[in-house]
Structure formats: C-alpha cells, structure tokens
Amino acid sequence: MNDQGFLQNTTEPKRARVAQKALKSWYLEHARPLPWREKPSLYGTWLSEVMLQQTRVETGIPKWHAFRERFPTVRSLALATEEEVMKAWEGLGYYRRARLLHKAAKAIHESGDFPNTHAGWIELPGIGPYTAAAIASIGLGEAVAAVDGNVQRVVARWGGIEQPVDSKPGAAKIQAIADAWLDLQNPGDHNQAVMELGALVCSPKKPACDNCPLTSTCDSADNASLWSRLPVKQPKKKPEAWNLTWHVATFLNHVAIEQRPETGIWAKMWAFSETPPPASFAEAGDLCSPVNHILTHKRITATFKHWQAPDLSTLRTHAKNHGGEVVTWTEFEQRARPRLLTKIWNELCSEKG
Ligand code: SF4
C-alpha cells in the first residue's frame, strides 16, 4: 500500500477483516502458555507488561514468579519499601520501571482498587498508551488496540508502511491499521495474537511468511526487499561514551558505598564513590580489569580503583563526608546495585568477607 493511507482505500476494511479472522484462529492454536495467561488477573497482567517492556520473555518468567511470591498482592507491593522493591527487581535492569511500578501500586492502594478503564490506567505512573491498552484489553476486555514494537513491525510490513513508525504520521498510520484490525468482541486475545505473531513468526531478521496466517493479505509476504526495510525507524543517536572511575575504599571486609542521586543514571542505587578518598588512604591498584557496559544512551567503560583505609574509623568518616555508608561486602549484596556491578560481582570482591 502506498502513502495514500489505509483508511482511504475502500478495499482495505475487507482485507483487515480477513487478517483479523486469520489471527484469531492462529492464536487459538499457537498462544504460548505463559504464567500470566494461566489465571489472568489485573495485577499479574500489569506486572508482566511492565517487566516485558525491556526484558525477554524467557528472563521475565522466573522473575515474574519470584516477584509475585515476594509481593503477592498490590497491597503488599504498595506497603513495601523502595529498597525492597529494587532488590526484588534486581537482574531485570531499567530500575526506573520498578520505581514507577511501586509508585503506581501506592496510588492504586490509596484509591482502593485498580482502575477499571484504559483512561484510568494511563493516569498511573509508568503507564504509557501501549501498557494501558494492553492491560485494559486483556484484563478488562476494553476494545483498545495495543501497539508495541512487535505490533509496529507486523502492521508496518502487512500494510507496507514506509513512513518511520516513530514519527507522528507513521505512528498514526500504524494505529489506524491496528484499530481497524481490532476484534471488538475479544480485544485482549486479539492484541496478544498480534504481539505473539510479531514475537514468534514475523521476527525482525527472518519472518516465517510461509507459516504466517497473514500471508494472503500481507504486502510484504515473501518480499524480502520490502520486509527487510520495515518497519522504518528514525535514525538513532549513537550512545555516548562514558569513562567512569569508581573509587572502592575498603578496610578489611568493609567497603564505603554511596547512594546515587534521585535522578539520572542508576538513580537511587548503591555504588562506589566517583571521588577519590583523602591522602591517608593507600592506593592498591585496580580491583579488576576495566568493564564495558552498554545502556541505551551510554557506552560505559568502568574502572575500579582500590584504596585501603588505615582503619575502620577513617573509612567511616570518609563515607560520612560523602553522604555514604560503610557496610560489609555481604551487606552490600543486599542493596539494590547497578547491573554493571552485579555482573562482575565475584571478580570485583577480592576483599569480600
Ligand atoms: S506474511 Fe511475512 S512479512 Fe507479512 S506479517 Fe506474516 S511473517 Fe510478517
């Protein structure tokens, strides 16, 4: 289809209905038995949607179970401390999601119940249009089309949309097709069907058009020169390089740590100081070789400079002067830490006690 627009072409609604039916039968046969689908609940669906925003399903499943066990109800999540929530989120990264999940749980707990519409969900912290639509359609049966990255890809290829899906006109076109596809009787299953098709069949690098229920109606079916270009995205900024030096000040098995600022990278997580300690500390080389770590906007090379304090009291004074604390390495493990630290933890802790 060209840029004249999906809805202006009178043959398109029929094509959309054919696609919708095909998706429905395909999903009945191919839906994966994911834990949050077994006994669906608003809490479970919400949690799965937040977790899967930047996490693969395979990683998300055990984490979803563990999180549900730790916080079985929205009340228990709302009443937990932020530290406890961060700890339970460890390994999933993008901790901002956990902080917003916690804030939203508090808001739900204060209001007495979950929102019962898409409009209500979108008011909560951390809930964008996609997440609100997914929860409202799956958990409440509200007829709203949910558009995530998988859906963008399927729809852009199906409709031959060549405008960037992250531009205003491109996004509007994708949304218009997703709305036209929507099964009003069963919006939750329909939305999950499109997302599932994107995850299992219409994959980014090698779509399995031969096994796709949309083959007969898709503009890109078996057309590698088209599907390989779609979806089009606006050029991304290159992640910025950041040479980070952490100063690890220790005395025996004790280490000075600091909580990072409320905003910015690794907000409110515990790490080492970026400022060297005073001259009374002895320089003891690097704790391990420099570590490379990539975040969405940063390409980090972290160096861990080791400093030994003359005694515990000097270490405590140094930590206090920077608003930090002194803990044992084992105690530090209980704090919410950047993933960069957890991934090299064993290597790092030569002084671990
Ligand atoms: S036919 Fe191919 S390109 Fe079209 S939606 Fe299916 S897998 Fe994707």
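The values are calculated or read from the model by the stated rules, or taken from the named source; none is laboratory data. These numbers come from a predicted model, not from an experiment. No Cβ is skipped: glycine too gets one built from the backbone with ideal geometry, and neighbour counts run over all protein chains shown. Remember, those area values only see protein heavy atoms, side chains included, never the ligands or the DNA or RNA. Shrake-Rupley method; radii C 1.70, N 1.55, O 1.52, S 1.80 Å.
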- Message: Cβ-Cβ under 9 Å, sequence separation 6+ or interchain: first residue in segment 116-142 and open to solvent by 10 Å² or more (accessible area, probe 1.4 Å) and polar (S, T, N, Q), partner part of a loop (DSSP other than H, G, I, E, B) and at pLDDT 95 or above. Which pairs?
- Response: Asn116/Glu142; Thr117/Glu142
- Residue match in segment 79-91 (condition: over 27 Å from Gly112 (Cβ atoms) and charged (D, E, K, R)): yes
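Check Ser216, Ser225, Ser220 and return the single one that is in contact (Cβ under 8 Å) with a residue 24 or more places away in the chain, in a helix (DSSP H, G or I) and either among the small types (Gly, Ala, Ser) or near the ligand (Cβ under 8 Å from one of its atoms) (or both).
Ser216
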- Query: Which residues, counting only those in segment 234-244, are open to solvent by 50 Å² or more (accessible area, probe 1.4 Å), part of a loop (DSSP other than H, G, I, E, B) and either under 24 Å from Leu315 (Cα atoms) or touching a residue at least 40 places away in the same chain (Cβ under 8 Å) (or both)?
  - Reply: Gln234, Lys237
- Has segment 165-188 got any residue that is of a type in the set (Gly, Ala, Ser), more than 10 Å from the ligand (Cβ to nearest atom), without any contact (Cβ under 8 Å) to a residue 40 or more places away in the chain and open to solvent by 50 Å² or more (accessible area, probe 1.4 Å)? yes
- Query: When both residues are 6+ apart or on different chains and their Cβ atoms are under 7 Å apart, which pairs have a first residue that lies in segment 14-28 and is under 14 Å from Asn186 (Cα atoms), and a second that is part of a helix (DSSP H, G or I) and at pLDDT below 95?
  - Reply: Gln20/Trp181
- Give the residue, chosen from Pro204, Pro169, that is part of a helix (DSSP H, G or I) and assigned by TED's automatic domain parsing to the domain that holds Gln20. Pro169
- Taking the residues in segment 192-207 that are aliphatic (A, V, I, L, M) and open to solvent by less than 10 Å² (accessible area, probe 1.4 Å) as candidates, determine which candidate is nearest to the ligand (Cβ to nearest atom). Leu197
- Counting residues that are open to solvent by less than 70 Å² (accessible area, probe 1.4 Å), which strands (runs of 3 or more DSSP E) fully inside segment 245-353 reach at least 3? 254-259, 282-286, 298-308, 325-328
- Working carefully through the options Glu83, Glu49, find the one that is in contact (Cβ under 8 Å) with a residue 60 or more places away in the chain and under 21 Å from Arg337 (Cα atoms). Glu83
